[in-house]
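Single-structure report; data block below.
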Amino acid sequence: MHFPAIGDFYQRLLFLLPFSAIEFSVPTTVLGERPFLTGGLLRDFYEARAVHFHWGSSQRKGSEHLLNGRRYDLEMHIVHRNTRYQSDEEARNQTDGLAVLAVLFKVVRTSYLFYQPGLNEIFGSLLHLGDFNSSYTPPAFLTLGSLLGNLDRGNFYAYMGSLTTPPCSPAVVWHVFAEVLPISHLELPKFWQLRDRRGRPLLNTFRPLQSVEARQVFHRRASEAYVWSK
Ligand SMILES: [Zn+2]
């Protein structure tokens with residue numbers, strides 16, 4: 001079974017376009033292309049469309065996925081849409097409509113920045129996004145590759161799941177990286193300063209944990225084909 005060589009295609013720039021939460025759209029290049037995924041559980045090609053985050057508060061950790069029963073502080077989603085579908089609305093109504101890469105973050109007490117250029121650019125941009133519906137274009141070009149940094153892209157969990165925001169339809173092939181990236185305790189609170197449309201703090205933007213039910217969760221490691229994971 002072949003799995004996507006994610007890094008090869010992630011050489012494109014991003015703009016910043018926050019909606020109800022912070023979100024970055026992934027534009028096409030001058031050649032009209034977007035980075036894409038295929039292989040593994042994905043039978044078709046899935047183009048990167050947007051990047052967004054889920055977070056908690058000073059009281060609660062905010063990742064949506066738990067690894068071995070542990071919740072983390074922040075989660076990034078890179079959303080890809082099946083190229084067979086023309087719109088997000090159409091894709092949301094198909095069981096193979098979307099593929100999402102999920103990266104978990106653990107807060108670390110440190111006063112220096114980790115070498116994660118793309119992520120540091122985004123975290124720095126949050127201070128410009130205090131109010132609902134504001135937008136900001138970072139001075140530096142971002143690439144999707146720079147968001148993943150040195151993350152081990154060959155080690156992840158994959159399963160057929162659902163959207164974590166309404167309508168929560170079963171439309172997503174999830175890929176959750178096993179490696180957890182660090183985020184400084186000075187950077188994480190920048191998410192808690194964002195405001196909703198009524199000017200209130202935008203906190204705890206994660207969906208409550210769902211039962212795994214009868215889903216099969218696959219674990220892929222670099223040197224192996226898919227293996228079962230409990
Ligand atoms: Zn999400």
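Highest mean packing first, where packing is the average number of other Cβ atoms within 10 Å per residue, the peptides 208-216, 172-180, 97-105, 193-201 line up as 97-105, 172-180, 193-201, 208-216. FRET efficiency for the R70 to M160 pair, using the beta carbon distance and R₀ = 25 Å, is estimated at 0.65. Using alpha carbon centroids, what distance separates region 187-201 and region 64-109, in Å? Spelled out, the Cα-based centre of one part sits 21 Å from the other.
Here the simple spin-label model places points 7 Å from the Cα toward Cβ, and for Q59 and L209 these points are separated by 1.9 nm.
Taking packing as the residue-averaged number of other Cβ atoms within 10 angstrom, the listed peptides 159-169, 116-126 run from highest to lowest as 116-126, 159-169.
Between R197 and Q216, the distance separating the two model label sites (each 7 Å from Cα on the Cα→Cβ line) works out to 4.2 nm.
Bear in mind these aren't lab numbers, they're just calculated from the coordinates by the rules spelled out. Computed from a predicted structure; not experimentally measured. Glycine also receives a Cβ, built like all others from the backbone with ideal geometry; neighbour counts cover every protein chain displayed.
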